[in-house]
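The values are calculated or read from the model by the stated rules, or taken from the named source; none is laboratory data. This is a predicted model, so every value here is computed, not measured. Cβ placement follows ideal geometry from the backbone for every residue including glycine, while neighbour counts extend to all protein chains displayed.
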Amino acid sequence: MPGPLEYGIWLICTLLEGAVVVCAVRSHSFRRYIFLNVYMGLSFLASVGRYQALSHYGIASSQYAYFYYYSDALLTIGLYFALLNLYSLVFDEMKVERYLRFGAVLLLAGTAWFSYAVVQQSSHRLFSHFAYELSQNLYFVGLVLTYALWGAIVKMRETRARLIQLVLALGVYFSAFAANYALQNLSSKATILHFVTPILGCILPAAWAYCFLRVNEETRLAPARLVAVPR
Amino acid sequence: MSRKLTVILLAMLVLVGAMSLKTVAVTHGDGSVIMANGGAPQPPVPWKNGGAPQPPVPWKNGGAPQPPVPWK
């Protein structure tokens, strides 16, 4: 069973997830960033549900395990759509929404097909394997898409501060998990790393809540090349 | 038409890139990305959402040590 420190981190993470939605509603940005907020709302509900399952059945129970992995698959799909929300905002002036939707559906279908192809040999619990594999594969797709979006932001010299911070937070979140994963593989016995993974889960809600709370929608960043122009 | 083809090409490129990245990560990892083990220390989970502790995988039967997954 997790200790008090793990419970504390989990509680902070859950509160931050709820705070994102509250801050977005307060700054009148809920509809503009609808999928980001739906994802955070789902994360909040999943955390509450996971706590219920954990406290009722225990960490070793199949009930908690099923709830954990199925909710994880659902959340990863939610994260994928949140990322697409950011894509549509970055490219909104280019009027390519139709193509973005087409590409997103195609990529999701391709990932689902790949996941099914990987697990179809399983003789039993095919759906559980599929949900697990899809969740994992979508994470890597999200990682690649986030870096591609950051490349597009840099190339297009995007100046909307809130949008840039939301994308950067997502990039930091994915990168931190990747770095943590690498570190754990290097030194799996380091106990400190045991607490790092849940702490990393707080990065995204904390950054997004701060962004909705403090960064105005109208705030613009001055591109360096404009600032450097001699008068 | 050519725009649609470009979208299909980009989607396939992203998919191939992501799956290659995953393969590299899993190959160089200790296998814990794919499967968690019951009483073992918590495995690294780069795709975990939220801060909830990770349970053992539901489809593990019995207490025998887990072999490497055949579909890796």
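Structure notes:
- Summed over segment A:27-41, residues that are buried (at least 21 other Cβ atoms within 10 Å of the Cβ) and closer than 17 Å to A:S71 by Cα total 4.
- Whichever residue in segment A:107-145 is within 18 Å of the chain's Cα centre (by Cα) and of a type in the set (V, I, T) and, among such residues, is surrounded by the fewest Cβ atoms within 10 Å (Cβ to Cβ): A:V144
- Where a residue in segment A:127-144 is touching a residue at least 12 places away in the same chain (Cβ under 8 Å) and its partner, wherever it lies, is charged (D, E, K, R), with Cβ under 6 Å and at least six apart: A:S135/A:D72
- In segment A:57-95, of all residues being touching a Ser or Thr at 6+ places or on another chain (Cβ under 9 Å) and of a type in the set (V, I, T), the one that is farthest from the other protein chains (Cβ to nearest Cβ) corresponds to A:I77.
- Among the conditions (1) touching a Pro at 6+ places or on another chain (Cβ under 8 Å); (2) of a type outside the set (G, A, S); (3) at the interface with chain B (Cβ under 9 Å from one of its Cβ atoms), the only one that A:M40 does not satisfy is (3).
- The listed residue being at the interface with another protein chain (Cβ under 8 Å from one of its Cβ atoms), surrounded by fewer than 22 Cβ atoms within 10 Å (Cβ to Cβ) and at pLDDT 90 or above, out of A:A178, A:A152, A:A169, A:A148: A:A148
- From the list A:A46, A:A24, the lone residue that is facing chain B (nearest Cβ under 10 Å), of a type in the set (G, A, S), part of a helix (DSSP H, G or I) and buried (at least 22 other Cβ atoms within 10 Å of the Cβ) is A:A46.
- Residue list for segment A:88-106, filter: within 17 Å of the chain's Cα centre (by Cα) and under 17 Å from B:L9 (Cβ atoms): A:A104
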